[in-house]
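The values are calculated or read from the model by the stated rules, or taken from the named source; none is laboratory data. Quick caveat, the model's predicted, so the values are computed rather than measured. Don't worry about glycine lacking a Cβ; one is built from the backbone with ideal geometry, like all the others, and counts go over all protein chains shown. Just the protein is used for accessible areas: all its heavy atoms, side chains included, with ligands, DNA and RNA removed. Shrake-Rupley method; radii C 1.70, N 1.55, O 1.52, S 1.80 Å.
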Amino acid sequence: MTISIRIENESRRRFLHGAAGLTLAVYLPRARSADAGARAGAFEPNAFVRIAADNTVTVISKHLEMGQGTYTGLATIVAEELDAAWAQVRVEGAPADASRYNNLRMGPTQGTGGSTAMANSWDQLRRAGASARAMLVAAAAQQWKVPAEELGVSDGVVTHSRTQRKATFGQLAAAAARQPVPAEVVLKDPKHFKLIGKHVPRKDSNDKTNGTARFTQDVHLPDMLTAVVAHSPRFGGKVKSFEATQAKAVRGVVDVIQIPSGVAVLAKDTWSAKKGRDALQVEWDDSGAFKLGSQEIFQRYRELAKSPGAMARKAGDPDAAFAASTRVLRAAYDFPYLAHAAMEPLNCAVRLGKDSCEIWNGEQSHTSDQMSVAALLGIRPEQVTIHMLYAGGSFGRRASTASDYVLEAVNIAKAIEGRAPIKLVWLREDDMRAGYYRPAFHHVLEAALDAQGRPTGWRHRLVGQSILAGTPMARRVKDGVDPTSVEGAANLPYAFDNIQVDLHTPKDIPVPVLWWRAVGSTHTAFSTETFIDEVAAASAQDPVAFRLSLLDKRPRHAAVLRLVAEKAGWGMPLAAGAPGDRRGRGVAVHESFGSYVAHVAEVTVKADGSLKVDRIVSAVDCGIAINPDNVRAQTEGSIGYGLSAALHGEITLKDGLVEQSNFHDYAPIRIYEMPKVEVHLVASTEAPSGMGEPALPPVAPAVVNAIAAATGKRMRRLPINGDELKA
């Protein structure tokens, strides 16, 4: 079977040709899971390296490349231990096969998320590269009849200096494939790294700039139809009836069918499908639909916050601390629903066979999507083939626990009995109004102070929907606490002897929710890091010094905090702005997904309330930075994404209808709004953690703390409302 690529612009897009034949594959049948939470004693087979006679080294990436630099990072790990030349390395997405490509941080499942790609691959891919290197060396030693210990490897060439013999990887590949996979390998001492920690160009940049990178939208199968779906405008609404005569009259429209999630219009191209949907008349049954608005939702949340919720953390005796205090600080925060708003709209291509199904997708949840599709079709998961393509951003949206848009595509193909391949396209308006969102949350925080102004107690109550409840991952909800709701709050790093964190999870709000870049830390970092600033002020202490006084046992938090303060010139006066301008500097520090990030933000607030974030200085500790350029890029991208939410991001409902629809009313920050960013990395020998998300959570609190320093006003609702900042 071949796949053709629709050539939309001949000057930019060219047909993608296949690779050369395979000559060496390295399987590591005994690669042990690095995650203590994974199955005890489990062994996972993996295949990550392929070397061809043409001397190309192909690294098989089990993780989706969605702009975060995964392909480059994973290839760097393999190439380092293999001693390959960077130019000979290419990357290929792995098929869905959890038996070989499971995410070691997620357990026996294949998926990309939680900033785990580098962390769960570090040891595994080092061993894969080192094993391949050992097999190449063994092959050369056998051919040249010399001891393997006398051979050297550099830039993809094996040499024997005494006899002046040399051979490329490609020349040795066939012989290396006949060597046994070594049971043990010696990994490099990090002081000998040539690629890790150095500048290496990204592996996906050229294809993405010359138009040959293949995204789902580029897939065009013979006789394929494009489908768009009319969804209920209210969550829980159903199709009551529809009239398709006018839709079918649109040129290019082939069929109109009802599916469980709405009415699908099938056409020869996306534009025709959209025009057909525009002409479609659907009557919706709203008898079971959700009809509340955002104001009513938050009103319910505030009522719930008046009573204790499920306990997420309790230490010491918080009630006694508050009873004995001389002063109590209290603050309440509201966080709206947020859309993922990735640049590439959702899409998925599917082709049904007699007893099989093929999926083309920017695949973030291989295993769960494979199982969901198999269950829908009544076939085995291994009969579902998933081709992983690039994704133009995702931020969690393509990791739907319900496999929503993937199953929708399969439902359409099933409804037409597989007579044509289907490419489902969700226009941005579809995802903005009928998609999944970062849950809205309400927080209440309290701090008890003694007569000297020292904090003696901390209470934190959260109210918001669970991402995990009711999903296949519901087992992670313990005693009524979804860990993704309280991460960043329940594990607050500050040394409070008396602390309590509890959670209400409303079950009567059916708005679909999903992980959004950095998940729970997107709201918990804001409430805790802005409230700790208030406690510092009430204690008459400098915000950085106050935090450090509570981080004695958290050296990595303290290290990034000290570094960012030094680099930002904390304590030095800010340059004056224009007459009437108010300028301020704020700080925030947060750990998520095993990485530690501190930001210092500098802002200017004008008399009319307009806000300019002038500068953000960042300190990052993500363990060994495999590719420092990419770590900086992820930090900069996270700052931009986080500022978009802080300054503009808000999905609101009125009478059950989502009010936003596209970038004109759900705006990312524009270029002129992007501050100057400086990123400083902490030198580390710790194993790498992730950087797809951890730089986002401290952005908004650093900015809001800077606003407080400039104006004296505390912002407790996002997005920031300029009307509250008028002089």
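Look through 121, 131, 99, 115 and report the one residue that is assigned to a loop (DSSP other than H, G, I, E, B) and either touching a residue at least 24 places away in the same chain (Cβ under 8 Å) or touching a Leu at 6+ places or on another chain (Cβ under 6 Å) (or both).
Within the list 121, 131, 99, 115, the selection yields 115.
Please specify each residue of segment 314-331 satisfying the condition of being in contact with a helix residue (DSSP H, G or I) (Cβ under 9 Å, 6 or more places away or on another chain) and crowded, with 16+ Cβ neighbours inside 10 Å.
Listed by number, the residues that qualify are 329, 331.
Quick check: is even one residue across segment 702-713 under 22 Å from the mean Cα position of the chain (by Cα) and within 26 Å of residue 509 (Cβ to Cβ)?
no
Check 208, 275, 203 and return the single one that is surrounded by 17 or more Cβ atoms within 10 Å (Cβ to Cβ), part of a helix (DSSP H, G or I) and basic (Lys, Arg).
Going through 208, 275, 203 in turn, the sole match is 275.
Any idea which of (1) in contact (Cβ under 8 Å) with a residue 12 or more places away in the chain; (2) part of a helix (DSSP H, G or I) is the one residue 540 doesn't satisfy?
The one condition residue 540 does not meet is (2).
For segment 216-266, what are the residues that are part of a strand (DSSP E or B) and of a type in the set (D, E, K, R)?
234, 238, 240, 243, 255
When you go through 282, 256, 265 one by one, which is the residue that is open to solvent by less than 60 Å² (accessible area, probe 1.4 Å), modelled with pLDDT of 95 or more, under 34 Å from the mean Cα position of the chain (by Cα) and among the β-branched types (Val, Ile, Thr)?
265
Looking only at segment 485-523, count how many residues are open to solvent by 10 Å² or more (accessible area, probe 1.4 Å), under 24 Å from residue 316 (Cα atoms) and of a type in the set (S, T, N, Q).
Adding up the residues that qualify gives 3.
Looking at segment 303-356, which of its residues are aromatic (Phe, Trp, Tyr) and either within 17 Å of residue 454 (Cβ to Cβ) or at pLDDT below 95 (or both)?
The answer is 322, and nothing else.
Any residue at all in segment 677-692 that is more than 17 Å from residue 517 (Cα to Cα), open to solvent by less than 10 Å² (accessible area, probe 1.4 Å) and among the small types (Gly, Ala, Ser)?
No, every residue in segment 677-692 fails to be more than 17 Å from residue 517 (Cα to Cα), open to solvent by less than 10 Å² (accessible area, probe 1.4 Å) and among the small types (Gly, Ala, Ser).
Return the residue satisfying two criteria in turn: it lies in segment 389-441 and is polar (S, T, N, Q) and open to solvent by less than 10 Å² (accessible area, probe 1.4 Å), and of such residues it is farthest from the chain's Cα centre (by Cα).
403
Mind checking whether some residue in segment 333-340 is surrounded by fewer than 17 Cβ atoms within 10 Å (Cβ to Cβ) and not acidic (Asp, Glu)?
no
Taking the condition at pLDDT 95 or above, farther than 20 Å from residue 580 by Cα, surrounded by fewer than 24 Cβ atoms within 10 Å (Cβ to Cβ) and among the small types (Gly, Ala, Ser), does residue 702 pass?
no
For segment 131-156, enumerate the residues that are over 37 Å from the mean Cα position of the chain (by Cα) and crowded, with 19+ Cβ neighbours inside 10 Å.
Those that are over 37 Å from the mean Cα position of the chain (by Cα) and crowded, with 19+ Cβ neighbours inside 10 Å: 137, 138, 139, 140, 151.
Which pairs have Cβ atoms under 7 Å, sit 6 or more apart or on different chains, and link a residue in segment 582-600 that is on the phi > 0 side of the Ramachandran plot to one that is open to solvent by 10 Å² or more (accessible area, probe 1.4 Å)?
593/114; 593/115; 593/689; 593/693; 594/119; 594/689
Could you check segment 81-130 and list, in sequence order, the residues that are of a type in the set (D, E, K, R) and open to solvent by 30 Å² or more (accessible area, probe 1.4 Å)?
If the condition is that a residue be of a type in the set (D, E, K, R) and open to solvent by 30 Å² or more (accessible area, probe 1.4 Å), then 90, 92, 97, 100, 105, 123, 127 are the ones that fit.
Scanning for something among the aromatic types (Phe, Trp, Tyr), out of contact with any Asp or Glu (no Cβ under 8 Å at 6 or more places or on another chain) and at pLDDT 95 or above, does segment 180-194 turn up at least one residue?
No, there is no match, as no residue in segment 180-194 is among the aromatic types (Phe, Trp, Tyr), out of contact with any Asp or Glu (no Cβ under 8 Å at 6 or more places or on another chain) and at pLDDT 95 or above.
Restricting to segment 623-645, name every residue that is more than 20 Å from residue 201 (Cβ to Cβ) and surrounded by 23 or more Cβ atoms within 10 Å (Cβ to Cβ).
Once the filter is applied, which keeps residues that are more than 20 Å from residue 201 (Cβ to Cβ) and surrounded by 23 or more Cβ atoms within 10 Å (Cβ to Cβ), segment 623-645 yields 638, 639, 641, 642, 643, 645.
Any chance segment 442-451 includes a residue that's of a type in the set (Asp, Glu) and either open to solvent by 40 Å² or more (accessible area, probe 1.4 Å) or outside any loop (DSSP other than H, G, I, E, B) (or both)?
The answer is yes, given that some residue of segment 442-451 is of a type in the set (Asp, Glu) and either open to solvent by 40 Å² or more (accessible area, probe 1.4 Å) or outside any loop (DSSP other than H, G, I, E, B) (or both).
Give the residues of segment 184-200 that are in contact (Cβ under 8 Å) with a residue 12 or more places away in the chain, surrounded by fewer than 12 Cβ atoms within 10 Å (Cβ to Cβ) and part of a loop (DSSP other than H, G, I, E, B), sorted by residue number.
Passing the criteria: 186, 199.
Kindly provide the set of residues from segment 549-596 that are farther than 28 Å from residue 456 by Cβ and part of a strand (DSSP E or B), ordered by number.
The answer is 582, 583, 584, 585, 595.
Restricting to segment 226-238, and then to whatever is touching a strand residue (DSSP E or B) at 6+ places or on another chain (Cβ under 6 Å) and open to solvent by 20 Å² or more (accessible area, probe 1.4 Å), can you tell me which residue is nearest to residue 287 (Cα to Cα)?
Of everything passing the filter in segment 226-238, 238 is nearest to residue 287 (Cα to Cα).
Of all residues in segment 282-306, how many are touching a residue at least 60 places away in the same chain (Cβ under 8 Å) and farther than 22 Å from residue 661 by Cα?
Selection size over segment 282-306: 5.
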